[in-house]
Amino acid sequence: MSILIDENKKVIVQGITGREGSVRAKLMLDYGTHIVGGCTPGRGGQEVHGLPVFDTVRESVDQLGKIDVSVIFVPAPRVKAAAIEAFEAGIPLVALIADRVPLFDVLEICEVADELGAKFVGPNTVGVMSPEKAVLGMMGGRAETAREWFHRGPVGIMSRSGGLSASTGYYICRTGIGISTICHVGGDAVIGLTFPEIAGLFEDDAETETIVMIGEIGGTQEEQVADLIEAGRITKPVVAYIGGKSARAGTRYSHAGAIIEGGKGTWQGKVDRLREVGAVIVDQFGDIFKTVQEISGARRSVV
């Protein structure tokens, strides 16, 4: 199993005729993602990588049947319209890749998604990958490197850092342990699927045995995961690395979603809360991989 994406889910790419959309569509297609088409207003009837292009999402659904996921590669000011178009066409999961999407646009996207029972990843995300199954977005850069770097296994990764999403997966796979799914939730202050929701999906996924969380200062996503652990909703081992230890209150660390304000969202507060409920905290990024090996070995010896 995997979460969010697998080799059977039908995917379209909004903005497929653009430079970024075309390049990333090729990555996803070559990796094995079941892309069935794309759409760009005014470009209906064209083809990209042998895939049909439609003027609207509704036309793509009418012609191709039920679509499970849309990956949106359009400029930030157009993301809101594209996402809402996908939701209104009945697509239940959307990946918003662009950064600098206006905050109030994201709030409107959240509202429409809630009304229509849809979910989205991002914005400002490198995407989602289930190794040897499918990729959404740009994880791995090229299909050849993605196949080389990542293989299937029992570790689920959720990250607030785009760069550390792939790096964590890469180094875990180098230990001989594989990955069930990597999800970069996005780096903005307001996002779609958050750590608590992704952790819940990993908890319910039979393939995932250990959850790795790459957190940062700012916000309360990590503390919310701690609440789920305390409540017994998350029972699988959680290994957490929190970036931004040296950041001061009022300063931004990396991106918009990582900022300490009013004493909330601090590195120490997150670490203390997670340790309190039994999560394993590593102080150095490189310690993640040894810790995951130890946990995986202990679980297998018990089984």
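Laboratory data are not the source of any read-out in this text; all were calculated from the coordinates shown. Source: prediction; values computed, not measured. Positions of Cβ are backbone-derived with ideal geometry, glycine not excepted, and every protein chain shown enters the neighbour counts.
Sort the following peptides by mean Cβ neighbour count (other Cβ atoms within 10 Å, averaged over residues), highest first: 21-32, 6-17.
Ranked by mean Cβ neighbours within 10 Å, highest first: 6-17, 21-32.
Exceeding 32 Å between C-alpha atoms, which entries from my cross-link table qualify? They are K9/K270; K119/K270; K245/K290; K270/K290; K26/K80; K80/K133. Could the numbers behind the result be given before it?
Values: K9/K270 36 Å; K119/K270 26 Å; K245/K290 21 Å; K270/K290 22 Å; K26/K80 24 Å; K80/K133 29 Å.
Distance filter (> 32 Å) returns K9/K270.
For the ranges 203-210, 218-225, 115-122, what's the packing order if you count other beta-carbon atoms within 10 Å of each residue, average per peptide, and put the highest first? Don't jump to the answer; show the numbers that get you there.
On the way: 203-210: 17.4, 218-225: 22.9, 115-122: 19.1.
Going by the mean number of other Cβ atoms within 10 Å, highest first, we get 218-225, 115-122, 203-210.
What is the spin-label model distance, in nm, from A231 to H49 if the labels are put 7 Å beyond Cα along the C-beta direction?
Placing both labels 7 Å beyond Cα along the Cβ direction yields 3.9 nm.
How big is the charge dipole of the chain about its Cα centre, in debye rounded to the nearest 20, if each Lys and Arg gets +1 on its Cβ and each Asp and Glu gets -1 on its Cβ? Please report the intermediate quantities before stating the final value.
Values: 30 positive and 38 negative charges, 157 e Å.
Dipole magnitude for the chain comes out near 760 debye.
Provide the packing ranking of 140-152, 180-192, i.e. peptides ordered by the mean count of other C-beta atoms within 10 Å per residue, highest first. Before the final figure, lay out each step's value.
On the way: 140-152: 17.0, 180-192: 24.5.
Taking the mean over residues of other Cβ atoms within 10 Å, the ranking is 180-192, 140-152.
So for the stretch 90-246: antiparallel DSSP bridges make up what percent, rounded to the nearest 5?
Details: 6 of 26 bridges.
Percent antiparallel among DSSP bridges in the stretch 90-246 is about 25.
If R₀ is 35 angstrom, what is the calculated FRET efficiency for the pair K66 and S22, using the beta carbon separation as r and rounding to 0.05? Let's see the in-between values first.
Values: r = 24 Å, r/R0 = 0.70.
It comes out at approximately 0.90.
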